[in-house]
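Notes to accompany the following structure.
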Amino acid sequence: MPQSPGIMELVERIRDEDPAEAAGRLADLPPDEIQFVLSRLPEEQALAVAAHLAESAAPEEAATRAVLSGTEETIGELMTVAPAILPAAHTVAEALAFLVKSTEISEISYIFATESERLVGVVGMRDLLLAKPSQTLADIMVKNPFAFRPDTPVQDAVGEVLYRHYPLYPVIDETGRVAGVVHGWKLYERIATELSTQAGTQYGVAREEQIRTPVLQAFRMRHPWLQVNLITAFAAAFVVGMFEDTITRMVALAAFLPVLAGQSGNTGCQALAITLRGITLGQLRDYPVGQLLRKEILLGALNGAVVGVIAGIAMYGYAVTTDSLEPALLGAVIFLAMIGACVGSGIFGVVVPLTLKRFGADPATASSIFLTTFTDIIGMGLMLFLATALIL
């Protein structure tokens with residue numbers, strides 16, 4: 001996007017203004033220019049101006065609100081103006097003269113070379129300084145550089161920057177013209193933000209909640225998911241209730257219900273964490289979901305078998321000391337149930353977040369609540385079913 005005339009003068013002008021007045025000057029600018037100006041103000045002043053802008057932004061100004069709140073969904077909402085765009089036919093001497101006259105020399109990492117206004121190459125500062133003055137930018141540029149489109153989802157862009165480490169990424173429109181640039185640190189910041197919020201969102205903590213969030217506001221954010229958790233817990237309780245007679249006749253099983261639930265829940269959370277990480281970093285675009293499922297099924301079987309042996313031996317010893325029915329069969333039931341529960345929880349750890357994403361929901365939001373319900377039902381239900389079928 002071409003730089004608006006006088007934008008640097010505007011930056012200097014609002015440095016001495018109060019936040020409300022500065023916000024009034026910025027209110028009519030495009031979101032990318034607002035971000036450009038804010039990025040050049042002192043941090044405290046920029047935050048104060050942004051707060052006034054957020055309050056005054058109209059509901060339909062979604063792009064402006066996205067920039068101010070950090071919830072940008074496309075590259076177009078993250079990009080700023082490109083400070084250095086020159087024709088590829090320009091010589092190195094002409095490019096150096098341009099840099100000398102530029103008021104934004106500190107912002108220039110690359111010169112974007114164009115032909116007929118279309119991006120054809122990128123010139124780094126090192127290559128420019130080491131080149132002969134008579135050489136053209138076309139002689140020293142990196143041809144056909146990687147570039148984003150304004151409508152590229154930020155989540156897709158995050159996956160790209162993991163393999164392309166640049167300080168700046170050009171953004172081009174459908175005609176190939178340079179629309180702006182995106183700073184690499186913004187995308188890496190988004191990665192850090194997404195990963196840091198996942199721990200909370202898995203348990204129904206909103207991304208917007210911080211340690212300074214008022215009690216009532218935090219209550220409104222958290223409580224609905226606790227109600228969902230309560231309802232789903234009733235489902236697990238119903239399954240256990242179906243085998244009340246089995247538990248009454250073999251009390252030893254009750255002692256191992258939390259053991260089974262804990263192991264299967266941890267296995268599911270491990271699979272969930274890997275799946276969410278893959279979604280956030282864009283790794284599942286190149287890694288088949290079926291292959292991930294097979295991996296988690298195998299891991300669940302291996303972990304369940306190893307843990308199941310120990311749990312089975314413990315059950316046998318406990319059953320013997322408490323004079324329970326068929327101690328050996330009880331040990332076998334725990335072993336088989338542990339394998340089945342860990343395999344099932346691994347599957348759900350992959351399926352739950354992908355299903356939420358499929359239906360347009362945040363794959364991290366309350367995934368753990370649903371996962372815990374599924375793992376409890378399959379783990380405890382399988383153990384009680386096996387005990388009923390094999391012993392009673």
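Readers should treat all values here as calculations from the given coordinates under stated rules, not as data from a laboratory. Predicted model, so just to flag it, every value in this text is computed and none were measured. Cβ: placed from backbone, ideal geometry, glycine included. Neighbour counts: every protein chain shown.
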Just give me a number: lysine pairs in the chain, eight or more positions apart or cross-chain, with C-alpha atoms less than 30 Å apart. 7
Quick calc, the chain, dipole around Cα centre from Cβ unit charges on Lys, Arg (+) and Asp, Glu (-), nearest 20 debye, gives 1240
If you add up the charges near A236, with Lys and Arg at +1 and Asp and Glu at -1, over every other residue whose beta carbon is less than 15 angstrom from its beta carbon, what do you get? -2
Rounded to one decimal in Å, the inverse mean reciprocal Cα-Cα distance for the stretch 85-192, i.e. its Kirkwood radius, is 14.5
What is the angle, in °, between the Cα long axis of helix 252-280 and the longest principal axis of the Cα atoms in the chain? Nearest 10 is fine, range 0 to 90. 20
Could you tell me how many degrees, from 0 to 90 and to the nearest 10, lie between the Cα long axis of helix 184-201 and the main elongation axis, the longest principal axis, of the Cα atoms of the chain? 20
For the stretch 289-348, just the Cα atoms, rotate onto the principal axes and tell me the three extents in Å, largest first. 47, 15, 12
Of [x] -0.41, -1.28; [y] -0.30, -1.40; [z] -0.51, -1.27, which is the value of log10 I(q)/I(0) by the Debye sum over Cα atoms at q = 0.07, 0.15 Å⁻¹ derived from the coordinates here? [z]
When ranked by the protection proxy of mean other Cβ atoms within 10 Å per residue, highest first, what sequence do the peptides 216-222, 328-334, 374-380, 273-279 form? 374-380, 328-334, 273-279, 216-222
